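Let me begin by presenting the structure, written as structure tokens, before commenting on it.
What follows is calculated from the coordinates using simple rules that are stated; it is not laboratory data. Just so you know, these numbers come straight off a predicted model, no measurement behind them. Ideal geometry is used to build each Cβ from the backbone, glycine not excepted, and the neighbour counts take in all protein chains shown.
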Amino acid sequence: MNIRPLTETDAEAVATWRYPGRYQTYDVSEVVTSEAGFWAVEHEATLVGYCCFGHEARVPGAVEEAGILDIGYGMRPDLMGQGLGREFVGAILDFAIRRFSPSRLRLLILDWNDRSRKIAVALGFESEGVRRSTEGDFLIMTRATPERHPAPTSPLKPGE
């Protein structure tokens, strides 16, 4: 999967997506644009979702914390439940780490959304509590990003 700038055509497509049942809460009600910090997620040159970072990814009541990057995303409704979630979210996380270099990542997941919670756990996130919101109760899930160690300049000999 590839993350790229969101085009106007992508934004128009996302605006038409309608999620079933409880997932209707994820229907996009505002215009998503690259200028507003949204990115397209594509697979084999086909739009499969979108993502956002920082302010755009925060739910009401969540505040910015130094070193922590908030991540939000939405998968095309017809692709949900087909086993693509881990690859989809994994690609977004990899992009976020490369682009923003945070020390920690944070996801806010509605407490009833078992699919997203299971994917977050599989990708190394742990629950740190609950954020109550007008939109519902969100699990606060975080994980550290991989440390980047410089390559050693000279190998150490045994005993050094």
Item to check | Potential extension, E12-S133 segment - 0.36 nm per residue separation minus Cα distance | outcome: 40.8 nm
Checklist outcome for this item: Listing W39, W112, W17 by rising number of other beta-carbon atoms within 10 angstrom, fewest first, gives W112, W17, W39
Item to check | Counting DSSP beta bridges with both ends in the chain, the antiparallel % (nearest 5) | outcome: 90 percent
Checklist entry - Per residue of the chain, what 222 nm ellipticity follows from adding -39500 (n - 2.57) for every DSSP H run with n ≥ 4, rounded to the nearest 500? => result -6500 deg cm²/dmol
Item to check | Full-stretch length increase - D114, E64 - with 0.36 nm per residue and alpha-carbon distance subtracted | outcome: 15.5 nm
Item to check | Placed amide H near S133: partners under 5 Å, 5+ positions off or other chain | outcome: F138
